[in-house]
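Only one structure is covered here, and it is reproduced in the block below.
The values are calculated or read from the model by the stated rules, or taken from the named source; none is laboratory data. Keep in mind that this is a model prediction, so the values were computed, not measured. A quick note on method: Cβ atoms are made from the backbone with ideal geometry, for glycine too, and the neighbour counts reach across all protein chains shown.
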Amino acid sequence: MTILVPDSWLREYVNTEATPEQIAQKLSLCSLSVEHIRQIENEPVYEIEITPNRSDCLSIKGVAREVAAVLPRFGIAAEFVNKYSSVALDDSGLAELDLDITIQKESLCPRFTAALVDGVVIKESSPLIQRRLIQVGARPLNNIIDITNYLMFDCGQPMHAFDYDKITNHVMILRQARKGEKIVTLDEQARLLPKGAIVIEDGVGRLIDLCGIMGGYNSAVDETTKRVLFFVQVYDPKRIRQTTMALGHRTEAAARFEKGIDLEGIVPGLAQAVLMAKDQAAAELAACVIDMGKKEDKELSVVINYSLINRVLGRKIASEEVNSILSDLGFVVRDKKALVPSWRRGDISISEDLVEEVARLYGYFNIPGQLPLAVSGSVQEKTFYWEDKVKDILVAFGYTETYSNSALSADLLKKCGFAPDQALKLKNPLVKDNEYFRPSLLPQLLEATSFNLNRYDEVKLFEVASTYSPYPSGELPNQPMTLGLVWAEKSPDLFRSVKGEVEQIANSLGIYDLVWKVGQSCLPVFNSSQTADIFSKEGIYLGSIGGCSPAVLSRFDIKTSVLLGQFDLSVLTSLAGDRFLYVPDSIYPAVKQDLSVIVDENYQIGNFFFLQLPEESSVKVFIEDIGVPYRDPSLGEGKKSVSLKLAFQATDHAMTDSEANNYREQIISKLKDKGATIRGL
Amino acid sequence: MNFDYCFMESNVPATLQAFRDRLNKITTSESLESLRVDYLGRQGEINQLMKQLPELLPEERSQFGKDLNALKNELEELLETKKKNLLIASSSVAFFDPTEPAIKPNYGHLHLITHAIREINSIFEKIGFVRVRHPEIDSDYYAFESLNMPISHAARDEWETFYITLPTEHPSTMRDGVGDNIVVTPHTSNGQVREMEKGYLPIKMINIARCGRRQSDVSHGQTFHQFEGLYVDKDVSIAHLKGVLEYFARNFYGPDRQIRLRPYDFRFTEPSFEVDVTCGLCGGEGCSFCKGGWLELGGAGMVHPKVLKAGGINPKKYSGFAFGWGVERTYMMKAGLSIPDIRMLYKADLGFLEQF
């Protein structure tokens, strides 16, 4: 969180000639980040970010301690002034405070202090107090409430003021809230309390305080208040945190309580409140001060590991300098140990913690950078290389890459034929539109296609990202790296083009002889009758390409042809390898011939590539290409014709026509065995 | 040539002369063609003269035939020469316009994030960092617990984490009694202990991956990418961290750029730093774009001994540093790129994508 620190208030705690700019710069380098110097009420006010480990700096006093430790490192004199160290309350001769206190469980409130003042005159605070409260972002209310707020900002100790006469029978039962209990807090909000919130009940069972967060409205100080009970406690930080989270309401007090309180600041804080009440409200201490519970934390010493400090900084720091830095920060150094000051017990517990204290004051800017030359003990996986290659080829084919949110809506899933209950679901989505983690990249690619077709006649997009499916076997969801692509264009036959792209990509990855089958298990977004499943020659499923389901297209209002593809890229890249083979080229020309073949309509013509061709050493016979099928009634019912481009080549002589014809006859006889007829024969 | 035929007067020479006259006036290949047809075509002058052959004396016919053939050859030669000249003339006269629109090759575009990831990776690769990948959806053991962030700790709220709904029959991901939630990793740091568990040293990894957080505004998307550097070895120091980050800043942002470390607080590093780079606009002088000449890059720190222990590495023998920054944010801070809303990167608008 950030806090505001007025310059003049800060200087009550630290004597220095440093300018505000110097303070901001040096503090940022060695301690707390000063985000800005603002001008509020005609004065520089530091806006400072306080990290969760430095709750001791959520006060002017805490910041001042750091300023006083840091500035001298830059040769600027600075001295910390402990303003309230000599403040003490004299309650000798006063009656005991009439307050019947029951603390149901000690851990709820390890320390309980209270002081009663009488003769209170409620009015506005002095202009200085009002001005300072405005500077730190608080609203002045009246002299008593302002005292509690002022001291919270001043020394970090949150406190509360009750109207003593509104505590029925002067009974306080501090306990955990029960389920369903409600309290109206000072801000006149009725709040339903979560179980376990710390509350105080008075003599007739009314809840009068939501401890550590905000006081009850029914016991609040108002303009008629005469007797005020100042209340300074330590509460169980975890409960305060859980309650503020459950209520969704974090107050300045709660933010401090949930980080833990400096036990040694409590009595001075309470005493200062009483003194200020005298000054601001003409009130006098009216009874003995109550102080119950844990007075101080166990002493905590941490070993100063000098060699560790040298190791982490990468240079040698004299032990005297280490000790002097720690002393400046309030540690008491003796026998290579550092006694942790009361305000730092929340964040200093091991030797590594001391390293940070020394290193930051020594100055990170004083440590010159040095490149480590060590070589990793592992080798680079080639997955990333292959992924890059796939992307580069797709770009060369005219596809543009997209990145989409990992999450999508139930609506979009349904639009593409996916059942949302099969998808990975978020427990706490930010918005309903992003409730599911995507099982496929195609829904968002289709959405993008539909959007871009408004401006473009042709759209070619791809995305490479994980897709997610719930728990097929292991502990974690299945999340393979996936490739999705879409090509939308007026041309109705995109299949062969994309097939060519896919084959080229596979070949570039060293994967040859893909097997193409009519789609079986394809995603619902495909038109299943026009989709191919693609396998490696070993039979491993790689992905599918095919037309988009007409129902899906109409839901997206897409009128062009669309071809979709989705691949398990993690499988493709795992099969990839640099398989460059050198085959010497024959210096003798090949004889090339065409052969027209008539086959049944449902014959898969790609099988011609797998025809057993005549094999002889020093002679290559192969089918170079297969033409586009030709259909005509003259071929006969349910027949189609394709032309095969045959090539015959010898490695040791020029192939003669009669040799070639001999091989051609062998091929024709093989084709006839398969039930094909040869045109023109 | 001697066309000395008493009865036809000077028909042949006249024909040649008339042909030359017309030829000289011709400027286009079309009129040249019509001239050819007029003389050499089926109904052309040559054929018309040929028809006179039977009218000649038998002893004159042979000479006339030869002369006519010579005439025809001459005309053809003249036509051919003229044709060549016309061609040369036309190519030197036609206007060449280099501002004509190009025929665009069908070439797509890589996404800006891919450009960023490749550049970042290549910089770290040069100084020996090996790219790795770890699950994007992981147990909270790896995302938090093993990183010194127990569930009760306030630091965990700040990560604004997405949790996954677990099916009823789900194998436990618990380690030492903690970590039974599955989360969308809010940072790439889940890879730290996972990489340590592989059991090799030194570790010098760069982990670049998708992350997710429950936040969405002009500078935060629910989906974003981080790159995480982790170096674990004997005697790793803050000096090493500075060396690596300085190398990155100079290569990524420019040779004049400097970095500085400021104290910060993360649970999984001790000490922790906020890393700043000098502002590219003002060169470190201070301007409205930066804070006193510096821009915040992201967090870094020395690996917390508890994290090393969680990864099975003895913190007394080994130490390390780690940093994890947003890919999009780091790239947007390059001078010249002013994208008003980081979420534009995740909208597949070709008008945007085709600019990169």
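For residue A:638, the requirement of being on the phi > 0 side of the Ramachandran plot and touching a residue at least 24 places away in the same chain (Cβ under 8 Å) is met.
If you go through the range A:256-306 and pick out every residue that is of a type outside the set (Lys, Arg) and part of a helix (DSSP H, G or I), you end up with 20. Within the range A:352-366, the set of residues being facing another protein chain (nearest Cβ under 9 Å) and small (Gly, Ala, Ser) comprises just one member, A:359.
Here the strands (runs of 3 or more DSSP E) wholly within the range B:161-244 that include at least 3 residues being modelled with pLDDT of 95 or more and aliphatic (A, V, I, L, M) are B:203-212. Name the residues in the range A:241-263 that are in contact (Cβ under 8 Å) with a residue 12 or more places away in the chain, within 12 Å of chain B (Cβ to nearest Cβ) and under 21 Å from residue A:180 (Cβ atoms), would you? Within the range A:241-263, A:242, A:244 meet the criteria.
Here A:424, A:413 are screened, and the one residue that is within 8 Å of chain B (Cβ to nearest Cβ) and in contact with a strand residue (DSSP E or B) (Cβ under 8 Å, 6 or more places away or on another chain) is A:424. Would you mind stating whether residue A:579 is under 27 Å from residue A:514 (Cβ atoms) and in contact (Cβ under 8 Å) with a residue 60 or more places away in the chain? Yes.
Residue B:151 meets all of the listed conditions (1) touching a residue at least 12 places away in the same chain (Cβ under 8 Å); (2) part of a helix (DSSP H, G or I); (3) surrounded by fewer than 16 Cβ atoms within 10 Å (Cβ to Cβ); (4) more than 10 Å from chain A (Cβ to nearest Cβ) but one, namely (2).
One residue stands out among those in the range B:341-354 that are in contact (Cβ under 8 Å) with a residue 40 or more places away in the chain and in a loop (DSSP other than H, G, I, E, B): the one that is nearest to the other protein chains (Cβ to nearest Cβ), which is B:354. Consider the range A:367-388 and keep the residues that are of a type in the set (Val, Ile, Thr) and exposed (fewer than 14 other Cβ atoms within 10 Å of the Cβ). The one that is nearest to the other protein chains (Cβ to nearest Cβ) is A:375. Which of the residues spanning the range A:420-459 are in contact (Cβ under 8 Å) with a residue 24 or more places away in the chain and assigned to a loop (DSSP other than H, G, I, E, B)? Residues satisfying the conditions are A:423, A:435, A:438, A:439, A:440, A:441, A:453, A:457, A:458.
Assess whether residue A:30 counts as being farther than 30 Å from residue A:225 by Cα, surrounded by 18 or more Cβ atoms within 10 Å (Cβ to Cβ) and not charged (D, E, K, R). It is true that residue A:30 is farther than 30 Å from residue A:225 by Cα, surrounded by 18 or more Cβ atoms within 10 Å (Cβ to Cβ) and not charged (D, E, K, R).
Residues that are more than 8 Å from chain A (Cβ to nearest Cβ), at pLDDT 90 or above and farther than 18 Å from residue A:35 by Cα within the range B:268-283 comprise B:268, B:269, listed in sequence order.
Among the residues making up the range A:1-45, those that are within 11 Å of chain B (Cβ to nearest Cβ) and among the hydroxyl-bearing types (Ser, Thr, Tyr) are A:28, A:31, A:33.
Somewhere in the range A:297-305, is a residue within 20 Å of residue A:213 (Cβ to Cβ) and without any contact (Cβ under 8 Å) to a residue 60 or more places away in the chain? Within the range A:297-305, none of the residues are within 20 Å of residue A:213 (Cβ to Cβ) and without any contact (Cβ under 8 Å) to a residue 60 or more places away in the chain. If the requirement is being surrounded by fewer than 19 Cβ atoms within 10 Å (Cβ to Cβ) and among the aliphatic types (A, V, I, L, M), which of these qualifies: A:276, A:172, A:245, A:214? Only one candidate qualifies: A:245.
Set side by side, the residues A:429, A:420, A:443 differ, and just one is surrounded by fewer than 22 Cβ atoms within 10 Å (Cβ to Cβ), under 30 Å from residue B:139 (Cβ atoms) and in contact with a Leu (Cβ under 7 Å, 6 or more places away or on another chain), which is A:420. The strands (runs of 3 or more DSSP E) found wholly in the range A:65-143 and carrying at least 2 residues that are under 43 Å from the mean Cα position of the chain (by Cα) occupy A:78-80, A:111-118. With a requirement of 1 or more residues that are touching a His at 6+ places or on another chain (Cβ under 9 Å) and either of a type in the set (Ser, Thr, Tyr) or modelled with pLDDT under 85 (or both), none of the helices (runs of 4 or more DSSP H) lying completely within the range B:1-88 satisfies it.
Condition check ((1) free of Cβ contacts under 8 Å to residues at least 40 places away in the same chain; (2) under 26 Å from residue A:626 (Cα atoms); (3) of a type in the set (Phe, Trp, Tyr); (4) surrounded by 14 or more Cβ atoms within 10 Å (Cβ to Cβ)) across all residues:
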{"position": "A:498", "(1), (2), (3), (4)": "no, yes, no, yes"}
{"position": "A:509", "(1), (2), (3), (4)": "no, yes, no, yes"}
{"position": "A:526", "(1), (2), (3), (4)": "yes, no, yes, yes"}
{"position": "A:537", "(1), (2), (3), (4)": "yes, yes, no, no"}
{"position": "A:573", "(1), (2), (3), (4)": "no, no, no, yes"}
{"position": "A:589", "(1), (2), (3), (4)": "no, yes, no, no"}
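Here's a check for you: in the range A:46-60, which residue that is farther than 17 Å from residue A:152 by Cβ and in a strand (DSSP E or B) is nearest to the other protein chains (Cβ to nearest Cβ)? Among those that are farther than 17 Å from residue A:152 by Cβ and in a strand (DSSP E or B), it is A:49. Restricting attention to the range B:235-255, the residues being within 9 Å of chain A (Cβ to nearest Cβ) and either of a type in the set (A, V, I, L, M) or in contact (Cβ under 8 Å) with a residue 60 or more places away in the chain (or both) number 10. Residues of the range A:563-582 that are modelled with pLDDT of 95 or more and either of a type in the set (Lys, Arg) or touching a strand residue (DSSP E or B) at 6+ places or on another chain (Cβ under 9 Å) (or both): A:563, A:564, A:565, A:566, A:567, A:568, A:569, A:570, A:571, A:572, A:573, A:575.
Residue count for the range B:315-332 satisfying the condition of being surrounded by fewer than 18 Cβ atoms within 10 Å (Cβ to Cβ) and aliphatic (A, V, I, L, M): 1.
Within the option set A:345, A:315, being within 13 Å of chain B (Cβ to nearest Cβ), in contact (Cβ under 8 Å) with a residue 40 or more places away in the chain and surrounded by 14 or more Cβ atoms within 10 Å (Cβ to Cβ) holds for one residue only, A:315. Could you tell me whether the range A:572-579 includes any residue that is under 30 Å from residue A:489 (Cβ atoms) and of a type in the set (Gly, Ala, Ser)? The answer is yes, given that some residue of the range A:572-579 is under 30 Å from residue A:489 (Cβ atoms) and of a type in the set (Gly, Ala, Ser).
Yes/no matrix, rows are residues, columns are (1) assigned to a strand (DSSP E or B); (2) surrounded by 20 or more Cβ atoms within 10 Å (Cβ to Cβ); (3) without any contact (Cβ under 8 Å) to a residue 12 or more places away in the chain; (4) more than 32 Å from the chain's Cα centre (by Cα):
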position: B:273; (1), (2), (3), (4): yes, yes, no, yes
position: B:277; (1), (2), (3), (4): yes, yes, no, no
position: B:281; (1), (2), (3), (4): no, no, no, no
position: B:288; (1), (2), (3), (4): no, no, yes, yes
position: B:300; (1), (2), (3), (4): yes, yes, no, no
position: B:313; (1), (2), (3), (4): no, yes, no, yes
